[in-house]
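The structure under discussion appears below in the form of structure tokens.
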Amino acid sequence: VILIILDTFSAPPLKAVQRGYRGTGMDEFYQPAELKKQAAANQVPAPEDKVDLAGQKSSEVYSNVKVLGDLDANEFIRLMTAITAWVSPQQGCAYCHTDNPAEDTLYTKVVARRMLQMTKHINADWKPHVAATGVTCYTCHRGNPVPQNIWFDEKLPPHAGGFAQAAIGKNTPSSVVGSASLPNDVFKPFLEEAHNIRVAGTTALPENPQATIKQTEWTYGLMMHFSESLGVNCTYCHNSRSFSDWSQSTPARGTAWYGIRMVRNLNVEYLDPLTSTFPAARLGPHGDGPKVNCLTCHQGVYKPLFGASMLGDYPELADNK
């Protein structure tokens, strides 16, 4: 007999942080040793050395500069150096550029240009979620050409057909939903499309059964993704005695509300349109392009990089000009 035990428990000592009113049980538990590991994995890289201004715009010095054209030419090179270290430290500049840097021959350059626009869009237009902390390319990439935490349309296992043909991944435990047997195709309906996220109706006897069992399970699967992505439990946002009541929720729930809509916006407006730009090897099993979710930025901690901001060193990424 072979006994397999999944190590899903945290060894003592555990510490708690109170997130809500006393007596509500709204506590976050953490293990100091694990927190120490996470802190080491979420260090912000040292900024590039400051440079003297060239006195000319980058668009006046370099050809085919479609983003950051108003940035000083020397500051432009400083930022490109930083992006290389954040995204392609092994490949170097050649990851996006040919011998003629002005060419758009490589798909990676076309994608990188659009990602720069997306980064500026997040920092300028989604402050209700990212606040003044903002994001940079490093927030997601962490030294990898392709962020480690992206997603594609789910390729579900074969089924018997009939009434079971819409299995939506149930009973096939997935890390997407914390290894639970919940629907694991939660990203497309909620983080690309705008399906209603609800567990229960708003009245005792709703006229329209909007909160079906399927929708409830979908919602639980999405919430498991949030929990795994941020390294928190339900009470980080909700009071478990009344999950739906905003007046009993923490401010983090409002931040999350904007985050859901931000991720949808990024997938629909920036990433989906790039599908035809990517080579076949970079597409998912259904031919769709890579997309983002909460884990892409958060990577297991409640604030990306534990809330450290890099925009002070790279203010050119903080606006949408």
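The values are calculated or read from the model by the stated rules, or taken from the named source; none is laboratory data. In this text, all values refer to a predicted model and were calculated from it rather than measured experimentally. Note that each Cβ is placed from the backbone with ideal geometry, even for glycine, and that neighbours are counted across all protein chains shown. Heads up: the accessible areas ignore ligands, DNA and RNA and are worked out on the full protein's heavy atoms, side chains in. Shrake-Rupley method; radii C 1.70, N 1.55, O 1.52, S 1.80 Å.
Along the chain, the exposed loop sites are GluC sites (Glu not before Pro) outside DSSP states H, G, I, E and B with at most 13 other Cβ atoms within 10 Å, and the longest stretch free of them is 208-321. Charging the Cβ of each Asp and Glu at -1 and of each Lys and Arg at +1, and nothing else, the dipole of the chain about its Cα centre rounds to 740 debye. As a ratio to 2.2 N^0.38 Å, the alpha-carbon radius of gyration for the range 1-148 is 1.48.
Angle of helix 73-87 to the longest C-alpha principal axis of the chain, folded into 0 to 90 degrees and rounded to 10: 40°.
Which of the chymotrypsin sites (Phe, Trp or Tyr not before Pro) across the range 230-321 are loop residues per DSSP, with 10 or fewer other Cβ within 10 Å?
Listed in order of number, the matching sites amount to none.
Considering all different alpha carbon pairs of the range 64-108, the Kirkwood hydrodynamic radius works out to 11.3 Å. Farthest towards the positive end of the charge dipole of the chain, among the residues Gln148, Val44, Leu191, is the Cα of Leu191, using unit charges on the Cβ of Lys, Arg, Asp and Glu. If I fit a long axis through the Cα atoms of helix 213-230 and take the longest principal axis of the Cα atoms of the chain, what angle between them do I get, 0 to 90°, rounded to 10? With rounding to tens, the tilt is 50 degrees. Label positions at Ala124 and Gln31, each projected 7 Å from the Cα along the C-beta direction, are separated by 4.4 nm. Here the spin labels are modelled as points 7 Å beyond Cα on the Cα-Cβ line, and at Ala46 and Lys214 they lie 5.6 nm apart. Note that the chain carries a Kirkwood radius of 22.0 Å, evaluated over its alpha carbons pair by pair.
Ranking Phe29, Phe190 from most to least accessible surface, computed with a 1.4 Å probe over the protein chains only, gives Phe29, Phe190. Across the range 117-125, computed HN-Hα scalar couplings (Karplus, 6.51 cos²θ - 1.76 cosθ + 1.60, θ = phi - 60°) run 4, 5, 4, 5, 5, 4, 5, 8, 10 Hz from first to last residue, x flagging Gly and Pro. A simple rule links phi to the HN-Hα coupling: the Karplus curve 6.51 cos²θ - 1.76 cosθ + 1.60 with θ = phi - 60°, which for the range 106-112 gives 7, 4, 4, 5, 4, 5, 4 Hz, with x for Gly and Pro.
The orientation-averaged shadow of the Cα convex hull for the range 197-301, equal to a quarter of the hull surface, comes to 8.5 nm².
For the range 229-314, trypsin sites (Lys or Arg not before Pro) are listed when DSSP marks them as loop and at most 14 other Cβ atoms sit within 10 Å of their Cβ; the list is Arg241.
The amide H of Ser174, built 1.01 Å from its N in the peptide plane, has Ser179, Ala180, Leu182 as neighbours under 5 Å, considering only residues 5 or more places off or on other chains. When the C-alpha to C-alpha distance is required to be over 24 Å, the pairs from Lys120/Lys291; Lys109/Lys303; Lys57/Lys120; Lys15/Lys37 that qualify are Lys109/Lys303. Phi-derived couplings, Karplus 6.51 cos²θ - 1.76 cosθ + 1.60 at θ = phi - 60°, listed residue by residue for the range 289-304: x, x, 9, 10, 9, 5, 5, 4, 8, 6, 6, x, 10, 5, 10, x Hz, with x used for Gly and Pro.
At full extension, Thr81 and Thr98 could sit 4.5 nm farther apart than now, given 0.36 nm per residue minus the alpha carbon distance.
Amide hydrogen proximity for Lys291: with H placed 1.01 Å from N in the peptide plane, the residues at 5 or more positions away or on another chain lying under 5 Å are Trp151.
Pick out, in residue order, every one of the trypsin sites (Lys or Arg not before Pro) in the range 15-102 that is DSSP loop and has at most 15 other C-beta atoms within 10 Å; say none if there are none.
Passing sites in the range 15-102 are Arg22, Lys50, Lys66.
Between Gln18 and Ala132, the modelled labels are 2.8 nm apart [label points 7 Å from Cα along Cα→Cβ].
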